[in-house]
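Everything below concerns the one structure shown next.
The values are calculated or read from the model by the stated rules, or taken from the named source; none is laboratory data. What you are looking at is a predicted structure, and each value in this text was computed from that prediction instead of being measured. All Cβ positions, even for glycine, are placed from backbone atoms using ideal geometry, and neighbour counts span all protein chains on display.
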2 protein chains.
Amino acid sequence: MEIEELLRLPIVGAPMAGGPTTPELAASVSAAGGLGFLAAGYKTTDAVEHELARTRELTGEPFGVNLFFPFRDDAQDEAIERYIESLREEEDRYGVATGEPLWRDDEWESKLGLIARERPSVVSFTFGCPEREIVHCLQELGILVWTTVTSPAEAELALAADVDALVLQGAEAGGHQGAFTQHDDDPLPLLVLVQLVAPMTNRPLIAAGGIATAAAVRAVRVAGARLAQIGSALMLTPEAGTSEPHRAAFRQAGPTRLTRAFSGKRARGIVNRFMQEHDPDAPIGYPQIHYVTAPLRAAARERGDAGGINLWAGQRYSLAIEAEAGELVERWAEEAGND
Amino acid sequence: MEIEELLRLPIVGAPMAGGPTTPELAASVSAAGGLGFLAAGYKTTDAVEHELARTRELTGEPFGVNLFFPFRDDAQDEAIERYIESLREEEDRYGVATGEPLWRDDEWESKLGLIARERPSVVSFTFGCPEREIVHCLQELGILVWTTVTSPAEAELALAADVDALVLQGAEAGGHQGAFTQHDDDPLPLLVLVQLVAPMTNRPLIAAGGIATAAAVRAVRVAGARLAQIGSALMLTPEAGTSEPHRAAFRQAGPTRLTRAFSGKRARGIVNRFMQEHDPDAPIGYPQIHYVTAPLRAAARERGDAGGINLWAGQRYSLAIEAEAGELVERWAEEAGND
């Protein structure tokens, strides 16, 4: 299947794990002519199966599913323990204990099995790329395989694994940087990444990060990308599962920053109290730190306390629009011109 | 004068203070149909006057001059002293003493006087924007006034001062970030900045940072910028004054990062020994730290030791081309389409 058969409009709805992505959001994007995505990360395989079924109830159009590729950091147990110690006052504040710093593979094998059984139109991977044999196996089932990359070196690895398309994630993007390994280098902004990767391949490129206007959709396509993937700009839509305090933070202007404070891997969010207090101490250690802070974040969310939540947001989040997702997709595509 | 009368091709040659920009480079860009710039920063007024004269010998086409706007940081003398102490081993290594941590205004008044006398077609400012009265005074002399901005807030200040155009400098850009004040927020990448500022004004926007291909020139123009300003991609041209060790570093691939280690203000350069060893200790303090490290950098440059030099470079520097500047300007504009 060619990418053009999947969608009429050159807009992909970004998979946003941890709440914002819902079957309703994915279906709304796909029904409008874009390509919606489900975010399988952090969920159980059963939950993802239900989301697939629900999305298919809502739309007959193609959609994709995003999986976290499991990887192991060079995490230092002592550093993680020290970080947990430094969170004691957060435990007091929210009246809950930190979680266990467990490494988990996010049910990789069983989710891959689900994908093979359910055969969504596209599966995209984040945090790494499966072996060529797995990619081929999925492709033989009629599933297009995309991988998220953040550098030319990662693009080379993904192309060597024979994926159908690359999602180029720029530094602007909200949430986790999909880098295959942890590093402290400045992430490459989208336009830089597109310029560097476009000469490497004829496979379709999907540009992601900081895109939230028709002008930007056109710009990344002119630069060499086939499709524009939009995340933050969909987070205030009624279809999104964005929490109330997260929505409230979106309505104020404020800087974003990359931090390991919430999950042990660099992710971009709106600067808030938790980030400011704990970013300097946060070690490498994903997903261990994610599980450590999860109970604190859940408690903060329940209280409506935006100071304690991971407020993932891309750098252009401030102009996110409160309208239905399908309407936004149509508007962006129409204004951008679909040539 | 309208911006279109200045140049046939939508390409501006970035002013690159500290060596790379020369009258030959500026003249070559202008002669090809773009708009070349001289970089007055760090130079004496006399030296700038000579550069203006030399450029006019080389071309009859319009060109611009960039001035550093003087500003005072909240620099802590003690922090600067501690940093100087931490550079003792660099003094031993290079056999020279660090410079005096002086605040200077870069001969602001006399350079402004020179501009008023010599009337280049454009004067652009970096690190801030003069008062509205000064802007008007320059405009009445027939000089177009541009200001470099890195955020919507700075754009608002510059528009309030009634400048003719805004140079939008993205996070990708090499050398100093032109921010009006020092901060540690993530700088906004170019496409984000264009999306945020374009709705604020009808004045021309010049996009700067990480642009080095015809596709990127087209992309930023599609996004809303009138002109593309190109810096790093001109640094390997024969007309540029880029030092030999700096050129050698450009020919290797390597990450860039923002650092205060060389000058006391965030600037993007290729990661090297000096940056890695001193970035963590570097305080806010521009231009004091610039003058402190200047003798060390000069000595390293003389030795051809790229490990001790400020290797300013944008994030797309790795594909800089070794060809004449005028030829590059024509090539980019032709491939980008000049509509």
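Can you pull out the residues in the range A:95-126 that are in contact with a Gly (Cβ under 8 Å, 6 or more places away or on another chain) and without any contact (Cβ under 8 Å) to a residue 60 or more places away in the chain? First the steps, then the outcome.
If we filter the range A:95-126 for residues that are in contact with a Gly (Cβ under 8 Å, 6 or more places away or on another chain), which is where we start, we get A:101, A:106, A:119-124, A:126.
The answer is A:Arg119, A:Val123.
Listed by first and then second residue, the pairs with beta-carbon distance under 6 Å, at least 6 apart or on different chains, first residue in the range B:25-49 and at pLDDT 95 or above, second surrounded by fewer than 18 Cβ atoms within 10 Å (Cβ to Cβ) and of a type in the set (D, E, K, R), are B:Ala32/B:Glu330; B:Gly33/B:Arg8.
When A:Asp339, A:Asp279 are screened for being modelled with pLDDT of 95 or more and farther than 17 Å from A:Ala212 by Cα, only A:Asp279 passes.
Residue-by-condition table, conditions (1) closer than 26 Å to A:Met16 by Cα; (2) not in a helix (DSSP H, G or I):
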| position | (1), (2) |
| --- | --- |
| A:Asp46 | yes, no |
| A:Leu52 | yes, no |
| A:Gly60 | yes, yes |
| A:Arg82 | no, no |
| A:Glu89 | no, no |
| A:Asp92 | no, no |
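Restricted to the range B:220-235, and to residues that are within 9 Å of another protein chain (Cβ to nearest Cβ) and touching a strand residue (DSSP E or B) at 6+ places or on another chain (Cβ under 9 Å), which residue is surrounded by the most Cβ atoms within 10 Å (Cβ to Cβ)? Among those residues, the one meeting the criterion is B:Val220.
What about B:Pro204, is it at the interface with another protein chain (Cβ under 8 Å from one of its Cβ atoms), touching an Asp or Glu at 6+ places or on another chain (Cβ under 9 Å) and at pLDDT 95 or above? So B:Pro204 does not fit the description; no.
Quick check, is A:Ala155 at pLDDT 95 or above and assigned to a loop (DSSP other than H, G, I, E, B)? It would help to see each step written out before you state the result.
Numbers: at pLDDT 95 or above: yes; assigned to a loop (DSSP other than H, G, I, E, B): no.
No.
Within the range A:219-230, residues that are in contact (Cβ under 8 Å) with a residue 40 or more places away in the chain have Cβ atoms under 9 Å from residues that are of a type in the set (S, T, N, Q) in these pairs: A:Gln229/A:Gln169, counting only partners at least 6 apart in sequence or on another chain. Of the numbered criteria (1) assigned to a loop (DSSP other than H, G, I, E, B); (2) within 14 Å of chain A (Cβ to nearest Cβ), the one B:Gly178 fails is (2). Please work out if A:Gly264 is in contact with a helix residue (DSSP H, G or I) (Cβ under 8 Å, 6 or more places away or on another chain), more than 14 Å from every other protein chain (Cβ to nearest Cβ) and at positive phi. The answer is yes for A:Gly264.
Table: residues versus (1) out of contact with any Lys or Arg (no Cβ under 7 Å at 6 or more places or on another chain); (2) closer than 17 Å to B:Pro189 by Cβ.
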site	(1), (2)
A:Leu227	yes, no
A:Ser232	no, yes
A:Pro238	yes, no
A:Phe274	yes, no
A:Ile284	no, no
A:Val292	yes, no
A:Arg297	yes, no
A:Gly308	no, no
A:Ala323	yes, no
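Scanning the range A:198-210 for residues that are without any contact (Cβ under 8 Å) to a residue 60 or more places away in the chain, over 22 Å from B:Asp186 (Cβ atoms) and surrounded by 21 or more Cβ atoms within 10 Å (Cβ to Cβ) yields a single hit, A:Leu205.
Go over the candidates A:Ala116, A:Ala97 one by one and state the one that is out of contact with any strand residue (DSSP E or B) (no Cβ under 7 Å at 6 or more places or on another chain) and assigned by TED's automatic domain parsing to the domain that holds A:Ala267. Don't jump to the end; show me each part of the working.
On the way: A:Ala116 fails: assigned by TED's automatic domain parsing to the domain that holds A:Ala267.
Sole residue among the options that is out of contact with any strand residue (DSSP E or B) (no Cβ under 7 Å at 6 or more places or on another chain) and assigned by TED's automatic domain parsing to the domain that holds A:Ala267: A:Ala97.
If the condition is being buried (at least 22 other Cβ atoms within 10 Å of the Cβ) and closer than 25 Å to A:Asp186 by Cα, then the range A:112-129 contributes A:Ser124, A:Phe125, A:Thr126, A:Phe127, A:Cys129.
Among the helices (runs of 4 or more DSSP H) confined to the range A:263-339, the ones with at least 3 residues that are in contact (Cβ under 8 Å) with a residue 40 or more places away in the chain and closer than 24 Å to A:Leu234 by Cβ are located at A:288-303, A:325-336. When you look at B:Ala249, is it within 30 Å of B:Asp281 (Cα to Cα), among the aliphatic types (A, V, I, L, M) and either in a loop (DSSP other than H, G, I, E, B) or within 14 Å of chain A (Cβ to nearest Cβ) (or both), yes or no? No; evaluated as a whole, the condition is false for this residue. Looking only at residues of the range A:19-32 that are within 18 Å of A:Ala208 (Cα to Cα) and out of contact with any Ser or Thr (no Cβ under 7 Å at 6 or more places or on another chain), we find that the one that is surrounded by the fewest Cβ atoms within 10 Å (Cβ to Cβ) is A:Thr21. Residues that are within 12 Å of chain B (Cβ to nearest Cβ), at pLDDT 95 or above and more than 23 Å from B:Gly254 (Cα to Cα): does the range A:182-198 have at least one? Within the range A:182-198, not a single residue is within 12 Å of chain B (Cβ to nearest Cβ), at pLDDT 95 or above and more than 23 Å from B:Gly254 (Cα to Cα).
If A:Arg257 passes every condition in (1) part of a helix (DSSP H, G or I); (2) outside the structural domain of A:Glu334 (by TED's automatic domain parsing); (3) touching a helix residue (DSSP H, G or I) at 6+ places or on another chain (Cβ under 8 Å) but one, which one does it miss? Result: A:Arg257 passes all but (1). Exactly one residue out of A:Leu38, A:Leu114 is assigned to a helix (DSSP H, G or I) and of a type in the set (A, V, I, L, M, F, W, C): that is A:Leu114.
Could we say that A:Leu166 is farther than 14 Å from A:Arg268 by Cα, outside any loop (DSSP other than H, G, I, E, B), away from chain B (no Cβ under 12 Å) and touching a helix residue (DSSP H, G or I) at 6+ places or on another chain (Cβ under 7 Å) here? Even if it seems obvious, please write down each step before you answer.
Details: farther than 14 Å from A:Arg268 by Cα: yes; outside any loop (DSSP other than H, G, I, E, B): yes; away from chain B (no Cβ under 12 Å): yes; touching a helix residue (DSSP H, G or I) at 6+ places or on another chain (Cβ under 7 Å): yes.
When the stated conditions are applied, A:Leu166 passes them.
Considering only residues that are over 19 Å from A:Thr126 (Cα atoms), of a type in the set (A, V, I, L, M, F, W, C) and touching a strand residue (DSSP E or B) at 6+ places or on another chain (Cβ under 7 Å), which ones fall in the range A:12-51? Those that are over 19 Å from A:Thr126 (Cα atoms), of a type in the set (A, V, I, L, M, F, W, C) and touching a strand residue (DSSP E or B) at 6+ places or on another chain (Cβ under 7 Å): A:Leu25, A:Ala27, A:Val29. Going by the structure shown, is A:Tyr317 crowded, with 17+ Cβ neighbours inside 10 Å and within 14 Å of chain B (Cβ to nearest Cβ)? So A:Tyr317 passes the test.
As a summary of the residue check, B:Thr213 satisfies the conditions (1) within 8 Å of chain A (Cβ to nearest Cβ); (2) under 24 Å from B:Thr242 (Cα atoms); (3) free of Cβ contacts under 8 Å to residues at least 60 places away in the same chain except for the one numbered (3). Consider the range A:133-190 and keep the residues that are over 24 Å from A:Pro62 (Cα atoms) and among the charged types (D, E, K, R). The one that is surrounded by the most Cβ atoms within 10 Å (Cβ to Cβ) is A:Glu172. For the range A:321-336, a residue qualifies if it is surrounded by fewer than 24 Cβ atoms within 10 Å (Cβ to Cβ) and under 16 Å from A:Ala14 (Cβ atoms), and the qualifying residues are A:Ile321, A:Gly326, A:Ala333.
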